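Colleague: Please read through the structure below; I'll follow up with questions.
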Amino acid sequence: MICKLIDFQFPTVYFPFLLNISLRIPLNKESKDFVFFICVDKHLLCVSVILATCTRTVWKVLAGCQRQLLSASGSAYSGVSQTAPRNLPVRTFAAVKALKKDKKDNAEKEVKKEKRVIDDKNRHKPFSKTAWAPVDDVYVMRYYPRTLYDPAEAIDMLKKFQALDFTPHNQPVYIDLKLDMKLEKKKKVDPFVSTVHLPHAFKAEMNRVLVFTEDANQATVARENGAVFAGGVELIQPILDDEISADFYVAVPDILPKLVPLKNKLRKKFPKSKRGSVGINVPKMLELFKTGHEYMVESDCYVRTQIATLDMPSEHIFANLQTILVDVCSHRPASLGPFIERAIIASHTSEAVWFKSEDVLPKSPEKEE
């Protein structure tokens, strides 16, 4: 394209606001059509002109743009400063306010969909299953409901697994409980830690217990009752340096504020009144923690702990199992229903055996009647 700068003069009588400089650009090489770019008070006006068109038509086009040109450049000739704000279009109507919906109305309209509970008691077979029990010894497990064994039968099965697998006969026996932590009015049972006396101990060694007390007489009584260490603030630095350690840490209430530096070190073993490791009766606490078995609620609703070894008699394993289940159920009112949703017993190398936890717990007089 060929660009050429020319002088294009208009009579000042008609357009006193136009400058004398314009840019003439041909649309293409062969065409005779041109485009005029006229600079008007810092504004660029584009006018397409055909050479064959008469001059009067061009003047009509420019005259039609006079109003727009004057409104754009009127401030330069009206004596008004360039910085004066221009009149912008103003919206003459207000935005519609969003209607606030009442929460009560929404609550009434929204109906919560309750989970459908299917009762299989009076059915000839469980829902989505083939039958209540398999007929053959070999079957696909997903087609039948899970078998729940009696606690005594489950313990005997673990002993049979050990004999068939040729695994160690003194391997530990564990239980895995899932708890229903719900209470009334959307409340829940707080995760707890408990220590119980098992009727048949499965550990050969006694637990090591350390007693924090600044009373010399209490320290002497603690050592006589089997405490490994007994003392006051002087024991803090050796514990931080890993020079001394224990399985349980017991303290009297007066010394607790001075044991704050040990919180990050001991963590779950730090003395707390909820665990029964803070009190005045030092001999009683020592008797509990020396031979006691501690378990805790993990992951909000699970209890996983060892209860015995497989070489113990079945009656002893059952007695330890019953002691722990009774203590677990004591942390929630019995009126709210069963606390244990699911119970599993297994040895270190065997498969998990699901058992009926309600058969282990003592029955209330009302149910017996």
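The values are calculated or read from the model by the stated rules, or taken from the named source; none is laboratory data. Bear in mind the structure is a predicted one, so any value in this text is a computation, not a measurement. Positions of Cβ are generated from backbone atoms using ideal geometry, with glycine treated the same way; all protein chains shown enter the neighbour counts. With ligands, DNA and RNA removed, areas are computed over all heavy atoms of the protein, side chains included. Shrake-Rupley method; radii C 1.70, N 1.55, O 1.52, S 1.80 Å.
Colleague: Mind grabbing the accessible area of Tyr174 for me, 1.4 Å probe, Å², rounded to tens?
Modeller: 90 Å²
Colleague: Can you give the local net charge around Phe355? Use residues other than it whose beta-carbon is closer than 12 angstrom to its beta-carbon, Lys and Arg +1, Asp and Glu -1.
Modeller: Local net charge: -3.
Colleague: Evaluate the charge dipole of the stretch 161-254 about its Cα centre and quote only its size in Debye, nearest 20, assuming +1 on the Cβ of each Lys and Arg and -1 on the Cβ of each Asp and Glu.
Modeller: 760 debye
Colleague: If you don't mind, another one. Could you grab the relative contact order for the stretch 205-293? Cα pairs under 8 Å, six or more apart, rounded to a whole percent.
Modeller: Reported relative contact order: 36 percent.
Colleague: Taking the Cα-to-Cβ direction at Lys125 and at Glu214 and moving 7 Å from each Cα, how far apart do the two end points lie in nm?
Modeller: Calculated label separation equals 7.5 nm.
Colleague: Moving to a separate point now. Using a 1.4 Å probe, what is the accessible area per residue for the stretch 205-293, in Å²?
Modeller: 57 Å²
Colleague: For the stretch 158-227, run through the GluC sites (Glu not before Pro) and keep only the ones in DSSP coil with at most 12 other Cβ atoms within 10 Å of their Cβ.
Modeller: Those satisfying the criteria are Glu184, Glu205.
Colleague: Run through the stretch 234-294 and list the GluC sites (Glu not before Pro) located in a DSSP loop whose Cβ has at most 11 other Cβ atoms within 10 Å.
Modeller: Loop-located and lightly packed - Glu243.
Colleague: Need one value: the accessible area of Met206 in square angstrom, 1.4 angstrom probe, rounded to the nearest 10.
Modeller: For Met206, the solvent-accessible surface is approximately 110 Å².
Colleague: What length, rounded to one decimal in nm, is gained on full extension from Asp165 through to Lys265, with 0.36 nm per residue of separation minus their alpha-carbon distance?
Modeller: Residue separation times 0.36 nm, minus the Cα-Cα distance, leaves 31.8 nm.
Colleague: Assuming a ≥ b ≥ c are the square roots of the Cα gyration tensor eigenvalues, decide whether the stretch 205-293 counts as rounded (a/c under 1.5), prolate (otherwise, with a/b larger than b/c) or oblate.
Modeller: rounded
Colleague: Sticking with this one: Say each of Lys203 and Ser245 gets a label point 7 Å from the Cα, pointing the same way as Cα to Cβ; how far apart are those two points in nm?
Modeller: 1.4 nm
Colleague: Of the peptides 158-165, 338-345, 351-358, how do they stack up when ordered by the mean number of other Cβ atoms within 10 Å, highest first?
Modeller: My ranking of the peptides, most packed first, is 338-345, 351-358, 158-165.
Colleague: Can I ask one more? With +1 on the Cβ of every Lys and Arg and -1 on the Cβ of every Asp and Glu, and nothing else charged, how large is the dipole of the stretch 205-293 about its Cα centre, in debye rounded to the nearest 20?
Modeller: Here the stretch 205-293 has a charge dipole of around 560 debye.
Colleague: Could you compute the FRET efficiency for Trp354 and Ile280, with r as their C-beta to C-beta distance and R0 at 41 Å, rounded to 0.05?
Modeller: About 0.40, to the nearest 0.05.
Colleague: Step through the table entries Lys182/Lys203; Lys129/Lys185; Lys274/Lys356; Lys187/Lys258; Lys186/Lys363; Lys121/Lys178, compare each Cα-Cα distance with 32 Å, and write down the pairs that go over it.
Modeller: Lys182/Lys203; Lys129/Lys185; Lys187/Lys258
Colleague: Report the extension gain between Glu153 and Ala133 in nm, rounded to one decimal, defined as 0.36 nm multiplied by the number of residues separating them, less their alpha carbon distance.
Modeller: Extending this stretch completely gives an extra 5.5 nm.
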